[in-house]
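The values are calculated or read from the model by the stated rules, or taken from the named source; none is laboratory data. Because the structure is a prediction, the values reported are computed rather than measured. Quick reminder, even Gly has a Cβ in these numbers, built from the backbone with ideal geometry, and neighbours come from all protein chains shown. To get the accessible areas, we keep the full protein, side chains included, count just its heavy atoms, and leave off ligands, DNA and RNA. Shrake-Rupley method; radii C 1.70, N 1.55, O 1.52, S 1.80 Å.
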Amino acid sequence: MKRILRTAARLVVAACYLFLMWRGPWMVDGGHLRTRDPQPADGVIVTGFRTTLVALGAGVLACLGLYHTHHSLQHTPGCTARTSAAPT
């Protein structure tokens, strides 16, 4: 049951992330974006918002990678011990 809930939560987070990539700029800055005759400044706002989301996603993935590596090393016996002696 826990696994199903965890998978469902991941799917919801991924769906929300994709929804924010698609509609986020208009939800946050919709009042400042032109709907008719868009100008380059509108594209800058949309691109900046999406770039911010990608950077946040990359940061979250990096943190998860560090977390996984830390716990993997804690559960591996003898991983941090020196296995070779210094040459004499």
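Quick notes on this one:
- Helix 40-74 axis, angle to the chain major axis (alpha carbon atoms, nearest 10°): 20
- Estimated FRET transfer efficiency (ARG23, THR69; beta-carbon r; R0 41 Å; 0.05): 0.75
- Whole-number accessible area per residue in Å² for the chain, which is evaluated in the context of all protein chains at 1.4 Å: 88
- Shown for the chain: the carbon plus sulfur share of the solvent-accessible area, taken with all protein chains present and a 1.4 angstrom probe, equals 68%.
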